[in-house]
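Here the structure comes first, spelled out in structure tokens, and everything after it is commentary.
The values are calculated or read from the model by the stated rules, or taken from the named source; none is laboratory data. Just so we're clear, the structure is a prediction, and the values are computed from it rather than from any experiment. Because the Cβ atoms are built from the backbone with ideal geometry, glycine has one as well, and the counts that use them run over all protein chains shown. What goes into the accessible areas is simple: the full protein's heavy atoms, side chains included, and nothing from ligands, DNA or RNA. Shrake-Rupley method; radii C 1.70, N 1.55, O 1.52, S 1.80 Å.
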Amino acid sequence: MSDIVLGGGVPWWLTAVLALAGAGFLVHQFRFLHRSLGLGKASLLTLLRGLVYALLLLFLLGPARTVEDPTSLRRPLVVLLDSSESMKLPSGEGDATRLDAAKETLAASGLTRGLAGSYDLKFYAYDRETAPFEPDALAEVSAAGGASRLFYALGQVSENEPDAAGVVVVSDGIVNPPDALDGFTGHPRPVMTIGVGETDGFRDLRITGLRTPEMAFRGRATAIEFTIQAFGMAGVQVPLYFNLGRNLISTHPITIDRDAYENRVTLNYTPRELGTHGFTLTLPEQADESIARNNRKAFRMEVRRDKLRVLTLSGSPSWNYRFLRFALKQDPYLELVSFVFLRTPSDVVDVRENEMSLIPFPIDEIFIEELKNFDVLILDDFSHRTYFNPLYFENIRDFVRDGGGIAMLGGARAFDRGGYHQTALSTVLPVKLDGRGAFRTGVAARPGLTPAGRAHPLTRVFADPEANEEAWSTLPPLTTLNEVAQADGEVLLSADLRGRQMPLLTVRRYHDGRSLAFASDDLWRWNFDAVGRNQNPQLHLKLIRNSVRWLAREPAFNQVQILAVGGSRQPGEKHEFRIRVLRDDHTPAKDPVLQVVTTGPEGEQSPLEASPTDQPGEYRAEFTPRVEGSHRIVARAAAAGQPLGDAAHNFLVALPSEENDDGRPRPELLQTVAARTQGLFVPAASLTDAHWSEFERLMEQAAPSRIVARSRVALWNEPLLFALAVLLLGAEWWLRRTWGLV
């Protein structure tokens, strides 16, 4: 096909002038010839000359004809094949997997029969990554990827194949993360999605969306929330088993009243035993279920007391008792049980026992049965004489050894003056007693922080060291002081008594427990003095609270701390733990004996190797879990043969839920992808050659593959026109010669 166009060789006005000149010459020629040849012959010769002039004028206008040459481009067509693990699941047709169905679709479809003649097929397999493969390697593609990142793969092929006419995706529609579709707005070329896996025949029962607290309190109901989903099981009733370890706690019938069943369930559980326990929720496997492993969820929960329980025994009503009780009662996280001794059994009272409002001290009940239910025992200016069976000292020692805390506060009935020398209790205290320690009164002992006290969290009333030092300088001189033989722990405060430094506040660990000694009953003056100066007595209150929490071994005061549980939390991938170990004075521990053990969901233990990092007192351990479920890491440290403490942390190991936990095909996602790219969605079972033709039409509509090359050919170059001009001039010359004009 061609068109004639004028190229404009000379200006139009010049052409017009030449045309007028030519017309004038023709008129003159006609008049001349008419006189000698007559009208007919003159007209014929003038016509021939006029045609020659017309051709010359036409050539001056630059006539040319355009020539079109249509051709078709051969562009790439990308094929993305899902190779994630969910493609191992049954396709719903016989024993074939979804990947088998995808391969069969690609091998037998019009893609390779028809479109391969017009496009260069580029095959890619995608899961967590995207990798090309040759068409003849289709049979070698396996479903081994741990995740399905479809939209990442679409971005990758868009960069790798910028000239692609379109993309064909063969997948079950499961993507990771599950909400990845929200950020997908489209693709430069149409995407044809082919869904494999039947939703109608898919049968699965699963527990998902588990939400449990990491910590619960004994005797207080705790909510365990989770969702039960079921597909293809309408009308089935299944039991839900809730187990503590291997012991069944409860069974709950679940009635699946519809297909695509989903129900949020809340179980209220009241723990009774302290400690860390492993729990499981289990739904029994059903016949023809696609995935059985998602019927069970395991988790761990640490059961604690809801409040720290503190028992105080005060030898008599005193200012120290009053301010101590005030400080403890102000703390909403403490449960205080206090006894104040107003009389002894030997006191002579002139009334009968049943007429007194005082209650007897339940000594046997406290020290034989109830002591283990407390976290901290405080002996405030209390002497055991006349109250204690010496055997109770052994109970207190065992209480501290097993993790309890004890504090002995000074006074006329404390330390040596209370008769504690050479008792089982004296082995627990952070000071040594020799039976000769006096109780001094009327002194002016100036307290001061020791180097250990500056670093210890118990005496850290302010985080800033200078502010903390200044705060302690406001503690007024003490008027009473208990003398002890020497310290047997870390001295945090010393009392300057006429130039002699004496232990005032001393702490110590004893096996799993802790002990504290304050060698004066005058601490209350810190509070009293602050109130007298119209200031908030927060420093005294904070010291009391810090002391109770340190004795109760709250995590913030632990010498062993698990700082972070980093890295991926999937089976087969490495996890990194960082552990900080502090000495008794809470400075970084150097070369401690550190034991790190993980416990898996079935109770299997794995010791870990810990190595120091570049941070003082910090160590690193790595762990590669092999199974899913709730795990627990415990770190224990010791130095110089003495334990420094331990720390524990629960963590969950699980595969990406949507890829391996919920195997339901997602045709709706593939439909959305096709719609947002002006593409086409077709289930693999319904795919025909007509769908490939339709997709080819969509690709042509988005970016036509046919192009037309246009060229212009000047008529000067046409031999026919040149011959015509020569013919006209030759005919005129022959006629002139014949009629005797030449």
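Listed values, structure above:
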{"item": "For the chain, size of Cβ-based charge dipole, Lys and Arg +1, Asp and Glu -1, in debye", "result": "2460 debye"}
{"item": "Charge dipole (debye, nearest 20) of segment 600-703; +1 at Cβ of Lys and Arg, -1 at Cβ of Asp and Glu", "result": "200 debye"}
{"item": "Segment 661-695-segment 375-400 distance, computed between alpha-carbon centres (Å)", "result": "77 Å"}
{"item": "Ordering of 594-606, 157-169 by packing [mean C-beta count within 10 Å, highest first]", "result": "157-169, 594-606"}
{"item": "Neighbour cut-off at most 16 other Cβ (10 Å), DSSP loop, trypsin sites (Lys or Arg not before Pro), segment 1-92", "result": "ARG74"}
{"item": "Packing-based order for 630-636, 92-98, using average beta carbon neighbours within 10 Å, highest first", "result": "630-636, 92-98"}
{"item": "Signed unit charges on C-beta, dipole axis of the chain, positive-most listed residue ALA96, VAL141, PHE399", "result": "VAL141"}
{"item": "Per residue, in Å², the accessible surface of the chain once ligands and nucleic acids are set aside, probe 1.4 Å", "result": "49 Å²"}
{"item": "Cα gyration tensor, the chain - rounded (a/c under 1.5), prolate or oblate", "result": "prolate"}
{"item": "Three-way shape label, segment 399-480, alpha-carbon gyration tensor, a/c 1.5", "result": "oblate"}
{"item": "Whole-percent carbon and sulfur share, accessible surface of the chain, 1.4 Å", "result": "52 percent"}
{"item": "Loop-resident sites, segment 419-461, for trypsin sites (Lys or Arg not before Pro), counting at most 10 other Cβ within 10 Å (DSSP)", "result": "ARG436"}
{"item": "Per-residue [θ]222 nm for the chain (sum of -39500 (n - 2.57) over DSSP H runs n ≥ 4, rounded to 500)", "result": "-7500 deg cm²/dmol"}
{"item": "Alpha carbon centroid spacing (whole Å) that separates segment 186-200 from segment 415-451", "result": "81 Å"}
{"item": "Protein-only accessible surface order, largest first, of ILE378, ILE562 at 1.4 Å", "result": "ILE562, ILE378"}
{"item": "Accessible-area order (highest first, 1.4 angstrom probe) of the listed residues LEU391, LEU669", "result": "LEU391, LEU669"}
